[in-house]
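Written below as structure tokens is the structure these notes are about.
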Amino acid sequence: MHGTTATGTAVETIEYFYGPGTLEEVSLVKYEGDTAEGYQDVLTLSAELGKPIIPIPSDVDGLPADVTDALSTAGVDEVTVVGDFGQETAIKNDLSEINVDVATEIGGDKTAVEAQLEDAVEATIQKGDKVIFAEEGSAPPILP
């Protein structure tokens with residue numbers, strides 16, 4: 001199970017492990033460049049929040065169609081956005097069109113995002129949530 005991009009792999013993973021209308025929340029994680037190399041810590045920490053992650057490359061305008069379809073089909077009501085989504089009105093408009101709310105925004109520069117994620121991960125660990133890695137690699141999507 002893998003797509004041609006990290007985003008495609010995450011979408012396929014969600015579609016495989018979750019049926020229609022069974023998933024309430026995911027994390028959308030913005031990263032720069034063709035690979036997640038510089039943002040591996042951000043992606044890994046996001047995965048530890050205990051909800052599936054969908055990496056979104058910073059060079060896309062709006063949400064890719066496969067992401068929009070997957071969110072709609074899975075029944076996602078809320079997303080956590082991680083990274084520099086502050087200027088991303090196209091993505092927020094796409095979410096609004098499919099009735100998905102932004103529950104939490106973790107933003108700022110990479111250092112600020114990592115610090116906020118570490119706090120959120122610590123809270124997740126204290127709740128006792130567990131995660132399963134669905135793919136090996138430098139930035140694996142996870143499932144709670």
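The values are calculated or read from the model by the stated rules, or taken from the named source; none is laboratory data. The shown structure was predicted, so the numbers you read here are calculated from the model rather than taken from an experiment. Using ideal geometry, Cβ is built from the backbone for each residue, glycine included, and neighbour counts are taken over all protein chains shown. The accessibility values were calculated without ligands, DNA or RNA, using every heavy atom of the protein model including side chains. Shrake-Rupley method; radii C 1.70, N 1.55, O 1.52, S 1.80 Å.
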Discussion item. Pairs please, first residue from segment 91-110 and touching a residue at least 60 places away in the same chain (Cβ under 8 Å), second anywhere and of a type outside the set (S, T, N, Q) and assigned to a loop (DSSP other than H, G, I, E, B), Cβ atoms under 7 Å, 6+ apart in sequence or on different chains.
Written reply: Ile91/Gly62; Ile91/Leu63; Ile91/Phe85
Response to the item:
Subset of segment 74-113, residues outside any helix (DSSP H, G or I) and of a type in the set (Asp, Glu), comes to Asp77, Glu78, Asp84, Glu88, Asp101, Glu105, Asp109
Practice prompt. Go through segment 40-73 and count every residue that is in contact with a helix residue (DSSP H, G or I) (Cβ under 7 Å, 6 or more places away or on another chain), part of a helix (DSSP H, G or I) and either of a type in the set (A, V, I, L, M, F, W, C) or modelled with pLDDT under 90 (or both).
Written response: 6
Practice prompt. State all residues of segment 65-83 that are open to solvent by 20 Å² or more (accessible area, probe 1.4 Å) and either over 13 Å from the mean Cα position of the chain (by Cα) or of a type in the set (Lys, Arg) (or both); if no residue qualifies, say none.
Written response: Ala65, Asp66, Asp69, Ser72, Thr73, Gly75, Asp77
Fill in: Lys110 modelled with pLDDT under 75, surrounded by 13 or more Cβ atoms within 10 Å (Cβ to Cβ) and farther than 19 Å from Tyr18 by Cβ
yes
Discussion item. Name the residue that is surrounded by the fewest Cβ atoms within 10 Å (Cβ to Cβ), counting only residues in segment 1-39 that are in contact with an Asp or Glu (Cβ under 6 Å, 6 or more places away or on another chain) and modelled with pLDDT under 70.
Written reply: Met1
